[in-house]
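First up is the structure itself, then whatever we jot down about it.
Each reported figure results from applying straightforward, stated rules to the coordinates on display, with no laboratory input. Owing to the predicted nature of the structure, the values given are computational and were not obtained by experimental measurement. In this analysis, Cβ positions are derived from the backbone assuming ideal geometry, glycine residues included, and neighbour counts consider all displayed protein chains.
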Amino acid sequence: MRHRWTDAPRHLCWILISVSVAGCATLGSQGQALIPTRYQTRTGPFIVFTSTPTAPDAPAIRCLRALESDVATTLGMRVKTEEPAVEVYVLNDRESFNHFLRFYYPELPSRRAFFLAQGSRRVVYAFQSDRLEEDLRHEATHALLHVAVGDLPLWLDEGLAEYFEVPSSRHGLNDEHLARLPEDVSLGWTPDLAKLESLTTVREVTMRDYREAWAWVHFMLNGSSANKAILLATFADLRASPTQAKPLSQRLAAGEKPAGALMLAHVEKLRTQPVAVSPAASASVSTVRLQEPSQDAPVEKRGFFDRVRVWLGW
C-alpha cells in the first residue's frame, strides 16, 4: 500500500516544536520507542532501522539488495547515489506494529506494511514476520519507483509492486494472482485497462483490480519486446510530464488485436507451464494481502498532538 504525507502548514511549526520536547511515543513498561532507530544497516539506497542488530547478510537485507538489482535490470531504473536514502523501519512484531498504526495513523485500516512519501523523504514501515521479505519487496518497490519516476498511476504503481514482491527466482510470477484469475474469468470478468486507469485512491481498488494490475504488468514486461518498449516509453513520458503522458490503454489501442484478449492469452500460457503455480499457491490464495484491510475492529482515534509527532520522524 502507498500513503502520502501532506506538507505541514508553516503556522503549525510551533506545534511540532512543542511536541518534540514531550518525548516520543513508547510501548510497554520498558519505555521502548514505537519506531526502532537504535540500529541501522545500509544496503544500496536503503537504510534499515531495527531495535536489535541486523547482520549485513540477513534475509531482509538480502531481499532489498536483490530488489534494487531486479528493478534496475528489468526497468533500467537505479537510484542515484546523491538521492536521500529510503528509510525502512522494521518493528519487532505485529503487536508493536498495530500499536504504532493506532498511535500515528488511526485513519488507516490494519495492514502488514506500508510506504509513505513526503517531498524527498521515502519511508517504509513493516514488522518481523514470516512474510517480511515479501512485504519489504512490495513497499520498497513503491519507494524505488517514486525516486526514479515520481508519482505513477495508481494501478501501475501497485501492479509493479505486486510483480516485484515475489523472489527474484520467480521473475515476477505472482502465484496467488495467477491461481485466482481463472475464477475471475469464470465469473464474467474481462480485462479493462481504462477502468484500472480511472482508479485514483487505494480504497477504490479491489483485490481483483490488484490481480489485473499484476497481469497487465507481467504481460507488458514479458509478453513481447514491443510491449516492454511501450511500457518503458510510458515511464519516460511520466518522468518528463506526468500530466501529459498518454495512458497505456491508449498506447495499446493502436495494436491490431484487442490488448485485453492478448493479456488473457498471456496469462493462460503462464498457467499451462508445468512450474507456473507452486503447490502452496492454491492453499494461500485467501491470505490477507498488503493492501487488503483486515477484519480487525476499527482502530481507536488519537488526538492531533499525538499524531503530529510523526513529522519529527519518531
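Listed here are the helices (runs of 4 or more DSSP H) enclosed by the range 124-229 that have at least 3 residues being not hydrophobic (A, V, I, L, M, F, W, C): 132-148, 154-164, 175-186, 207-222.
Taking the criterion of being crowded, with 18+ Cβ neighbours inside 10 Å and in a loop (DSSP other than H, G, I, E, B), the residues of the range 36-53 that qualify are Pro36, Gly44, Pro45, Ser51. Of all residues in the range 55-66, those satisfying the criterion of being surrounded by fewer than 19 Cβ atoms within 10 Å (Cβ to Cβ) and of a type outside the set (Lys, Arg) are Ala55, Pro56, Asp57, Ala58, Pro59, Ala66.
For the range 154-170, a tally of residues being over 13 Å from the mean Cα position of the chain (by Cα) and touching a residue at least 24 places away in the same chain (Cβ under 8 Å) returns 2. Of the set (1) touching a residue at least 40 places away in the same chain (Cβ under 8 Å); (2) part of a helix (DSSP H, G or I), all apply to Ile61 but (1).
Counting just the residues of the range 67-92 that are part of a helix (DSSP H, G or I) and touching a Lys or Arg at 6+ places or on another chain (Cβ under 8 Å), which one comes out surrounded by the most Cβ atoms within 10 Å (Cβ to Cβ)? Among those residues, the one meeting the criterion is Leu67.
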